[in-house]
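Asks: Pasting a structure here, questions to come.
The values are calculated or read from the model by the stated rules, or taken from the named source; none is laboratory data. These figures come from a predicted structure and were not determined experimentally. Reconstructed Cβ throughout: ideal geometry from the backbone, glycine too, with neighbour counts over all protein chains shown.
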């Protein structure tokens with residue numbers, strides 16, 4: 001199978017297209033359906049190269065189960081350092097580096113990573129034409145590793161988190177920068193990470209097979225409390241807001257007193273790194289047992305609000321609320337004396353942990369790449385009768401009505 005894939009990959013563009021088409025006919029019907037569904041849900045990147053890569057991944061997983069090709073994942077990173085986009089620049093100026101985990105959005109990988117996605121799917125930043133096939137393929141690889149070999153995925157994620165902590169500490173020692181690190185695990189997804197748990201002992205069952213992919217000795221030292229540059233509870237934030245909020249979250253003065261790990265007991269990534277901040281947006285209405293070091297902002301969806309009867313009743317009362325509005329309305333609200341203390345410009349700064357409580361996070365509607373076909377299907381309207389901004393962003397009148405229903409800001 002691998003020889004056939006390599007042969008197809010080395011063909012010229014026109015011959016490759018024909019070869020893929022012929023090979024696709026011979027595939028298992030179940031795999032065909034999954035691939036076709038994935039391509040339907042991601043109209044921006046339908047190319048033969050991507051199809052070849054998708055086939056490579058899916059056939060490999062279907063045939064070998066938890067087997068992971070070292071050629072596919074060696075040198076492959078889960079976390080990305082975000083510094084180029086404007087909303088990550090302000091945290092960087094405050095000495096905060098944000099690392100994000102970008103999985104394939106919605107149903108792109110055939111697994112739905114955003115089960116409560118609504119009208120937002122039409123303007124999803126993770127699925128627009130600007131990202132290119134290379135970025136999308138990386139996201140699909142991460143998602144399939146998460147699905148098919150969860151413990152290897154977590155081992156790699158833990159190792160990368162440790163690596164970023166080490167970089168931050170090294171820079172502090174060199175007095176180059178008082179650098180802090182925070183993590184956003186759902187950049188384009190909405191996974192319930194508080195429910196993703198593992199036993200440390202199961203991580204080491206992978207050691208014989210995947211020594212070239214993960215430094216297991218580093219992980220062993222972490223679990224046993226022998227790592228020289230990081231011990232659970234020993235990380236101290238230089239940023240006062242992050243440090244104080246962590247103390248408030250745990251309701252203790254000193255976070256250096258976390259119990260020793262039991263290698264046989266299941267834990268989450270938040271329990272493994274109790275002194276490190278994680279944050280996300282979410283559309284899940286009823287997330288419970290959220291760890292103290294995991295900050296969530298509920299993301300309001302205008303489409304879901306119209307379709308679901310009890311949507312507004314299910315909006316969490318203990319989380320900040322993000323909402324999409326027009327850029328004009330956002331600017332008006334920020335300047336308005338009645339509103340300026342209740343709202344935050346979410347486009348300026350992505351690090352939601354820094355936000356005060358009981359705030360509305362205003363995100364402006366961006367024209368960018370729009371999936372009109374999905375939007376029309378979602379709204380059950382013809383494409384030529386749609387005004388995307390009015391359908392996706394709250395209008396001034398809608399915002400007025402909406403704000404009266406949000407109890408925590410009144």
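Asks: Which residues, counting only those in segment 290-330, are out of contact with any strand residue (DSSP E or B) (no Cβ under 9 Å at 6 or more places or on another chain) and modelled with pLDDT of 90 or more? Please lay out each step first, then the result.
Replies: Pass one, segment 290-330, residues out of contact with any strand residue (DSSP E or B) (no Cβ under 9 Å at 6 or more places or on another chain): 292, 303-314, 317-318.
Answer for segment 290-330, where residues must be out of contact with any strand residue (DSSP E or B) (no Cβ under 9 Å at 6 or more places or on another chain) and modelled with pLDDT of 90 or more: just 292.
Asks: Whether any residue in segment 344-362 is under 21 Å from residue 186 (Cα atoms), in contact with a helix residue (DSSP H, G or I) (Cβ under 7 Å, 6 or more places away or on another chain), modelled with pLDDT under 90 and outside any loop (DSSP other than H, G, I, E, B) is what I want to check.
Replies: Within segment 344-362, none of the residues are under 21 Å from residue 186 (Cα atoms), in contact with a helix residue (DSSP H, G or I) (Cβ under 7 Å, 6 or more places away or on another chain), modelled with pLDDT under 90 and outside any loop (DSSP other than H, G, I, E, B).
Asks: Would you pick out the residues in segment 95-108 that are part of a loop (DSSP other than H, G, I, E, B) and either modelled with pLDDT under 75 or in contact with a helix residue (DSSP H, G or I) (Cβ under 8 Å, 6 or more places away or on another chain) (or both)? Lay out the reasoning, then the answer.
Replies: Step one: of segment 95-108, the residues part of a loop (DSSP other than H, G, I, E, B) are 95, 102-108.
Matches in segment 95-108: 102, 103, 104, 105, 106, 107, 108.
Asks: Answer yes or no as to whether residue 266 is out of contact with any helix residue (DSSP H, G or I) (no Cβ under 7 Å at 6 or more places or on another chain), modelled with pLDDT under 85 and exposed (fewer than 14 other Cβ atoms within 10 Å of the Cβ). If you could, list the steps in order and put the result at the bottom.
Replies: Working: out of contact with any helix residue (DSSP H, G or I) (no Cβ under 7 Å at 6 or more places or on another chain): yes; modelled with pLDDT under 85: no; exposed (fewer than 14 other Cβ atoms within 10 Å of the Cβ): yes.
Spelling it out, it is not the case that residue 266 is out of contact with any helix residue (DSSP H, G or I) (no Cβ under 7 Å at 6 or more places or on another chain), modelled with pLDDT under 85 and exposed (fewer than 14 other Cβ atoms within 10 Å of the Cβ).
Asks: Further question on the same structure: Do the conditions hold for residue 220, that is, is it within 22 Å of residue 159 (Cα to Cα) and either out of contact with any helix residue (DSSP H, G or I) (no Cβ under 8 Å at 6 or more places or on another chain) or buried (at least 20 other Cβ atoms within 10 Å of the Cβ) (or both)?
Replies: Values: within 22 Å of residue 159 (Cα to Cα): yes; either out of contact with any helix residue (DSSP H, G or I) (no Cβ under 8 Å at 6 or more places or on another chain) or buried (at least 20 other Cβ atoms within 10 Å of the Cβ) (or both): no.
The answer is no for residue 220.
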